[in-house]
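S.K.: Sharing a structure below in structure tokens format, with a few things to ask.
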């Protein structure tokens, strides 16, 4: 179960102001009820190194293609802590195989 989940909406830009402007923009909505959970996660999360060899905290983004009531297509999703399986599968030890000199035949 995630420690928090924040909804995301990302819409295509109708008129780009310049060539380097974004193709999509949107919002992440963090409810005030989950704000402390987000802060706690960010304070305590494990750091990983990014491609520039800088320490970062990763968040997972999940998104689905959606259509608004007025027909505008957009991406709808959420931001959460990275997925971690609840129970790791226990590894089964492989049987030891005797050396050929130890075989009875």
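The values are calculated or read from the model by the stated rules, or taken from the named source; none is laboratory data. From a predicted model like this one, the values you see are computed outputs, not experimental measurements. Virtual Cβ from ideal backbone geometry, glycine too; neighbours counted across all protein chains shown.
S.K.: Mind listing just one residue for me: the one in segment 1-52 that is under 17 Å from the mean Cα position of the chain (by Cα), in a loop (DSSP other than H, G, I, E, B) and touching a residue at least 24 places away in the same chain (Cβ under 8 Å) and, of those, surrounded by the fewest Cβ atoms within 10 Å (Cβ to Cβ)?
M.R.: Within segment 1-52, the match that is surrounded by the fewest Cβ atoms within 10 Å (Cβ to Cβ) is 3.
S.K.: Among the residues of segment 73-89, how many are modelled with pLDDT of 90 or more and assigned to a loop (DSSP other than H, G, I, E, B)?
M.R.: 1
S.K.: Can you tell me which condition residue 92 does not meet? The list is (1) surrounded by 10 or more Cβ atoms within 10 Å (Cβ to Cβ); (2) more than 21 Å from residue 3 (Cβ to Cβ); (3) modelled with pLDDT under 90, and all the others hold.
M.R.: (1)
S.K.: Taking residue 73 as the residue in question, decide whether it is in contact (Cβ under 8 Å) with a residue 40 or more places away in the chain, more than 18 Å from residue 5 (Cα to Cα) and surrounded by fewer than 11 Cβ atoms within 10 Å (Cβ to Cβ).
M.R.: When the stated conditions are applied, residue 73 passes them.
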